[in-house]
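Have a look at the structure below, then the notes.
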Amino acid sequence: MALRAGVTFVKLNSLRQATRLLSTHTRPDVCQNGGTSEFPGAKAPYVNEIKFLNENSYDPIPIYRVMDSNGRIIDSREEPNIDKESLINMYRNMIQLNQMDKILYESQRQGRISFYMTNYGEEGIHMGSAAALSPRDLVFAQYREVGVLLHRGITVSELVNQCYGNCEDPGKGRQMPVHYGSKQHNIVTISSPLATQLPQAVGAAYALKRMPNNDRCVICYFGEGAASEGDAHAAFNFAATLDCPIILMCRNNGYAISTPSSEQYRGDGIAARGPAFGLHTIRVDGTDTLAVYRAVASARDLAVSNKPVLIEAMSYRVGHHSTSDDSSAYRSVEEIQKWAKDESPVQKLRLYLEGKGYWDAEAETQCVKEARDTVVRAMQDAEKKKLPHWKEMLEDVYYDMPPKLQKQMKQMEKHLEKYQEHYPLNKYLNE
Amino acid sequence: MALKSTPVLFGLLTRLSRRTFSTSKALASKPVTVRDALNQALDEEMARDETVFLLGEEVAQYDGAYKVSRGLWKKYGDKRVIDTPITEAGFAGIAVGAAFAGLRPVCEFMTFNFSMQAIDHVINSAAKTFYMSAGAVPVPVVFRGPNGAAAGVAAQHSQCFGAWYSHCPGLKVLMPYSSEDAKGLLKAAIRDPDPVVFLEDEILYGVPFAMSDEALADDFVLPIGKAKVERAGQHVTLVCAGKATDTALQAANQLAGEGIECEVINLRSLRPLDFDTIAQSVAKTHHLVTVEQGWPQSGIGAEICARVMESPAFFELDAPAWRVSGADVPMPYARSLETLALPRPPDVAAAVRAVLANRGECFMHTPCLGEGTVVMWDSLPEWEHTH
C-alpha cells in the first residue's frame, strides 16, 4: 500500500502540473494554514474558505492550429516537415474518400447496399493522424475513420467489396457495411457497440507494452458522443493507471446522431477530462490537417514511452450520421454550409498545397475524375462478384468447428445436393 | 459491486463448508480444495506460457477476494498479476483487447454477478470477434470467478449465469465441480484459442476433494466438451453441473438406500454440451432428471430436455423428463427462504421417485412449508418450482 500511495502522489503531482500547463488555470485563493494533507487519496493544501470549482474556474483548453482558414501557415516554426509526395498523397486520399462516400451513399439510397456512413468534415483528422503514425501502430476505429484505412493502403476495391459482402470481402460478408478490418494493415475489425473499442484498445496497448523493446503504440478513435459511455471513462482510467502506449483520439464533430455536443456534456468538452484522469492532453483543430499531424506526431513520442495521451480534435460532421439519419431535422442548412465551405479541411489542405505550388485546378479536376472512376469501377466489379460460399456462415464461430456445426454443414450439403434446383447456388462461390 | 466485503463472505463460507459434501472417490490419493486446485492450474499455466496473465479486482497483493490467486503476484509480479480499478466493463474490455493483441488474459470477476456490468465485452466482443473478423482475430481469453448462489448474500449476489452464457455461440462455458474438474478444466480453458467463461462456485472453494497423482501432475488437462459419469446406475439419469452435482450425489446416496440406483452425470462443460453421454445413459436408465441451481425457464435443464425431444433418446424414455432447478424468484436473503430457493437432495430424490412412478403431473413442491418438506399436490398448478 505504501508503494501505491507513492505512485498516486507522483501521478497527482504530474496531473496538477499538466493541468497548469494546458489551461491557464486561475487558481482559487489558497490560504495556507499548515502544509499539505496526507490523505492517501489526495495530497493537497488545506484552505479555510469554502469555494466550489466549476467549469468557469478554468479558461477553456485552447485549440492548437497551424494553418488559418485560407491554408496559410500562422507560425512558420510550427509547419510540419512533410515531403511533397506525402502531402499530395494525403490530399489525393481525401478526394478519394469524398468520392467514395458520395457514390456509396447513393448506392445505399438505390438499395444496392443496406447501410453506409460518410466521413465529410473529418478528412483532416483521418489524414493528419494516419500520416503521423507508423504503419505498425495498431488502429482501433469507431466507424467514421475510413481515411485512415485508405492511408494505410487498403484499396477502394477492398472497401467496396466489404460494403457489398461479396466473396472478396475480407470479412466474408459477416459484418454490416463500413465495419472494415485488416490484420495485415494493423486495423482491428470495427465493432458497433459504441465505445467498446476504448477499453479494448487500452488492453491491446498493454499487450504492446509487454513486448520487449516495444516501439509501437495504439490509436483509438471515438466520437464525443461515445465519450459519454461508461466504457470511455473506464478506458481513460485504465490507460492512465496501466501507463499504456496509447493515443485516445476523440473526434468531436459536434453531433452524436442528432444530439448536439451542447446536450452531450457540461464542462469544457472531452479534453478537460484528460488531466483529471492523469492523461497528457491536447485539443487540436481537426479541420487543420497539419495541426492534427503535429499533435499526433508529438503524442506518439509520448505514447511510445508509455505516457498515454488524449487528443480532442474539434471538427464538424458535415454529412448525416448514417443512411438511417436525416440531419436536416435538427440543424440548419446555413450551419452545415459554413463548415462545408469556409472550414472544410479538404479546402484548407488544397489551398496550402496550391500555396506551395504542389497543386492546381487541372490536377484537381484530374484527381476527382480518377477518384470517381476508381469507385464506379470497384462498384461495378463488386456487383458482379459472387457471394461468399454458403459454408462460410458456419466457419469461425470457434477456432475448431464443433461437431454440432459440422453435422449441420453435412446436413445442408446433402440437402443442397438433393434440391439444388431450388436454390440460387450459381450466385455463391463454389469450393 | 455493492458487496465486496470479503471477511463477511469468508465467515459465511466457513460456516457453510461445515455442511457435508460427498465426494465420489474417497479412497483416492490426496485431498485438495477446489481453491488450491484452481491456484495450481493458474500457477502452472503462467509458468508454462509467458503470455498468460491474470487481471481483476484485488487479484494481486490481496491474493484475490477468495484467495484463488494466492502467491501468484509474489511469484510473477505486477506485469502478470494486475490489480485493476473497480470497473468491470473496463477490465473485461482490457482483457478482450489484450487477447486481440496476442496475450492470453485470465480475467477474474470477483463474482459473476458483476460480469453483467461487462456483458457487452463478453458477448458482443469476445464471443463474436473471431467470426466478425472472418477468422483473423482469435480471442483466447478466460473469464472466471465464482458463479451462482453463495450464502446469505441475496438476490444480486446469488445468480447462476450458466444458461446466460451458454446461450451464446462463440463462447465455451465450463462449470467445474470437484478439484480435479477445476484444475483440468481451467488449464484447458487457458490453452483454448476461443473465449471461455469459467463458472466456479464460492461454496465449493473450501471443499477438499481427493485428487489422483495423475490430476496433480502439471500436464493434467481435461477435454472441453466431455461430461464425467460421477456415479453409475441403471434406474435413472441425473444430469447436473457444478454445485448441483453435489446435490445430485447426495440424493443418489439417499435413493440407493431405497434400492434406486442413479447415474449421475457431471456435465463439466455447458457449451459444448456432451449430449452423447446423456443419450447413452438415458438409453440405459430410460428416466431423466436434470438438476441445476439456476432458474427453470430457458435453463440448462430446459436445453437438455429439448435436445432429448429432438433426438432418438426421446423414444428411450419411459416417463417425461423432469427439471429440478432453483425457484423462479430472485434469491431471498432469509436463510430459511434461501435454503428453499435452491434444489436440495430431498427435492431431487422426490423428483426421481415421481419420475420413476411416472406421476410427474402431480409432483409439486412448495417453498412455503419449511425445510425438508416435499409435498405431492394434485392442485395449485400455478406453483412452478421443480419442473
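Observations
- By accessible area with a 1.4 Å probe, ligands and nucleic acids excluded, highest first: order of A:Phe277, A:Phe236: A:Phe277, A:Phe236
- Taken one residue at a time, the phi angles of the range B:242-251 give Karplus couplings (6.51, -1.76, 1.60, θ = phi - 60°) of x, 4, 5, 5, 5, 4, 5, 5, 5, 4 Hz. Gly and Pro are set to x.
- Threshold 50 Å², the range B:123-137 residues less accessible with all protein chains present than alone (1.4 Å probe): B:Phe130, B:Tyr131, B:Met132, B:Ala134
- Calculated SAXS-style log₁₀ I(q)/I(0) at q = 0.09 Å⁻¹ - the protein assembly as shown, Debye, Cα scatterers: -0.95
- Pairwise FRET efficiency - A:Ser192 versus A:Asn56, Cβ, R0 = 35 Å, nearest 0.05: 0.40
- Counted over chain B with a bin width of 20 Å, the fraction of Cα pairs per bin, in whole percents, is 30, 58, 12, 0.
- Pairwise Lys count, the range B:6-216 - Cα closer than 29 Å, eight or more residues apart or different chains: 27
- Count, lysine Cα pairs under 17 Å in the range A:76-384, 8 or more residues apart or across chains: 9
- Taking every residue in B:78-87 and counting other chain Cβ atoms within 10 Å of its Cβ, the average works out to 3.
- Positive-end residue of A:Trp359, A:Thr374, A:Ala340, charge dipole of the range A:331-379 with Cβ unit charges: A:Thr374
- Alpha-carbon centroids, the range A:210-271 and the range B:192-215: separation in whole Å: 38
- Relative packing of B:213-224, A:120-131, A:35-46, B:158-169, which averages over residues the other C-beta atoms within 10 Å, highest first: A:120-131, B:158-169, B:213-224, A:35-46
- Simple spin-label estimate for A:Ile73 and A:Ser305 gives 2.6 nm between the two label positions (7 Å along the Cα-to-Cβ direction from each Cα).
- Residue with peak Gaussian network fluctuation, chain B [Cα springs, cutoff 10 Å], from B:Ala134, B:Ala189, B:Ala151: B:Ala134
- Estimated dipole of chain B in Debye, rounded to 20 [Cβ of Lys and Arg +1, of Asp and Glu -1, Cα centre]: 600
- With 0.36 nm allotted per residue and the present C-alpha distance subtracted, the A:Glu421-A:Glu362 stretch has 15.8 nm of extension available.
- Farthest towards the positive end of the charge dipole of the range B:228-362, among the residues B:Pro332, B:Ile300, B:Thr237, is the Cα of B:Pro332, using unit charges on the Cβ of Lys, Arg, Asp and Glu.
- Here chain A is assigned +1 on the Cβ of each Lys and Arg and -1 on the Cβ of each Asp and Glu. Its dipole about the Cα centre then comes out at about 1020 debye.
- For chain A, the carbon plus sulfur part of the accessible surface works out to 52%, probe radius 1.4 Å.
- Computed with a 1.4 Å probe over protein heavy atoms only, the accessible surface of the range B:210-360 comes to 38 Å² per residue.
- Accessible area buried, both sides summed, chains A and B with 1.4 Å probe, Å²: 3400
- For the range A:422-431, putting each phi into the Karplus relation 6.51 cos²θ - 1.76 cosθ + 1.60 with θ = phi - 60° gives couplings of 8, 10, x, 5, 5, 7, 9, 5, 8, 4 Hz, in residue order, rounded to whole numbers and with x for Gly and Pro.
- Around the amide H of A:Leu387, modelled in the peptide plane, lie the amide H atoms of A:Cys167, A:Tyr428, A:Leu429, all under 5 Å away and 5 or more residues distant in sequence or on another chain.
- Under 14 Å, Cβ to Cβ, from B:Thr51 - net charge with Lys/Arg +1 and Asp/Glu -1: +3
- Summarising the amide proton neighbourhood of A:Tyr58: residues at separation of 5 or more, or on other chains, whose placed amide H is nearer than 5 Å comprise an empty set.
- Shielding value for A:193-202 is 6, the average number of Cβ atoms from other chains within 10 Å of each residue's Cβ.
- Per DSSP, loop trypsin sites (Lys or Arg not before Pro) in the range A:262-296 with at most 12 further Cβ within 10 Å: A:Arg266
- Helical content alone sets the calculated 222 nm signal of chain B at -9500 deg cm²/dmol, taking -39,500 (n - 2.57) per DSSP H segment of four or more residues and averaging over every residue.
- Looking at the range A:157-277, the accessible area is 29 square angstrom per residue; that uses a 1.4 Å probe and ignores ligands, DNA and RNA.
- Dipole orientation for chain A: of the candidates A:Ile246, A:Ile61, A:Asn81, A:Ile246 has the Cα lying most toward the positive pole (charges on Cβ; Lys, Arg +1; Asp, Glu -1).
- Neighbourhood net charge (12 Å Cβ-Cβ; Lys/Arg +1, Asp/Glu -1) for A:Gln184: +2
- J(HN,Hα) series, the range B:62-70, from Karplus relation 6.51 cos²θ - 1.76 cosθ + 1.60, nearest Hz, glycine and proline x: 7, 6, x, 4, 10, 6, 6, 9, 3
- Annotation: amide H-H contacts under 5 Å for B:Arg323 (H modelled 1.01 Å from N, sequence separation of 5 or more, or interchain): B:Thr290.
The values are calculated or read from the model by the stated rules, or taken from the named source; none is laboratory data. Just so it is clear, the structure is predicted and the values come from calculations on it, not from any experiment. Cβ atoms come from the backbone with ideal geometry, glycine included; neighbour counts cover every protein chain shown. Each accessible area value is taken on the protein alone, full model and side chains, heavy atoms only, with ligands, DNA and RNA left out. Shrake-Rupley method; radii C 1.70, N 1.55, O 1.52, S 1.80 Å.
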